[in-house]
1. Search segment 111-155 for residues being surrounded by 15 or more Cβ atoms within 10 Å (Cβ to Cβ) and among the hydroxyl-bearing types (Ser, Thr, Tyr), and hand back the single one that is nearest to Glu87 (Cα to Cα).
2. Being under 18 Å from Asp76 (Cβ atoms), among the hydrophobic types (A, V, I, L, M, F, W, C) and at pLDDT below 95: is that true of Val21 here?
3. Under 7 Å between Cβ atoms, at least 6 apart or on separate chains: pull out the pairs that start in segment 122-138 with a residue that is over 17 Å from Leu97 (Cα atoms) and end on any residue that is of a type in the set (Ser, Thr, Tyr) and open to solvent by less than 100 Å² (accessible area, probe 1.4 Å).
4. What pairs come out if I take residues in segment 33-57 that are among the polar types (S, T, N, Q) and pair them with residues that are outside any strand (DSSP E or B) and open to solvent by 20 Å² or more (accessible area, probe 1.4 Å) whose C-beta lies under 7 Å away, six or more apart or interchain?
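The values are calculated or read from the model by the stated rules, or taken from the named source; none is laboratory data. Remember, predicted model here, so these are calculated numbers, not experimental data. Cβ placement follows ideal geometry from the backbone for every residue including glycine, while neighbour counts extend to all protein chains displayed. Accessible surface areas use protein heavy atoms only, side chains included; no ligands, DNA or RNA. Shrake-Rupley method; radii C 1.70, N 1.55, O 1.52, S 1.80 Å.
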Amino acid sequence: MNKVYVLFCSVLIMGTFSIAVSVNAQKLTRKDVPTAVSSAFEKSYPHAIVRSFSKEKRNGETVYEIECMDGKIRRDIIYSAAGTALEMEERISPADLPKAVQQAIDKEYHEGKVKSAERLTKGSSIKYEVIIRKGRKNLEVVFDEKGKVLKTAKP
């Protein structure tokens, strides 16, 4: 009975979280995106194919997210209304992780397997988010460029 109750509560919490996230982010069409944002995106990624546009409020400021595919690279970019790129998530091959990050993974998570990796850029700060599968569990680990673990969580 306890397992059923825990499962029910987990589903309820995740559903509530999903609703809260979707209330904040609003899907848009290309024509709803400010010209400064679409121009900045097209200039930086002329061959990218847009998967979706959305906007949301962050710290009282409206920001715009463009999810795209540029060849085989998946990118999510957050822009200010003025067209300044604020943040970017870019899926990368685990082989493209910095050597220091690869060494930290080999040392700390040698029993696990890297399932995916992303480079997270915010201003001049670069971090790496890695999903590591260990047994039947996935672990999300965020590293700095020098291989220091900044955060560990279950995805």
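1. Thr121
2. yes
3. Every condition considered, the pairs that remain are Lys134/Tyr109.
4. Ser38/Arg30; Ser54/Ala25
Quick grid of which residues meet (1) of a type in the set (A, V, I, L, M); (2) modelled with pLDDT of 95 or more; (3) surrounded by fewer than 10 Cβ atoms within 10 Å (Cβ to Cβ):
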| residue | (1), (2), (3) |
| --- | --- |
| Ser10 | no, no, no |
| Ile13 | yes, no, no |
| Ala48 | yes, yes, no |
| Tyr64 | no, yes, no |
| Met69 | yes, yes, no |
| Ala81 | yes, yes, no |
| Thr84 | no, yes, no |
| Lys99 | no, yes, yes |
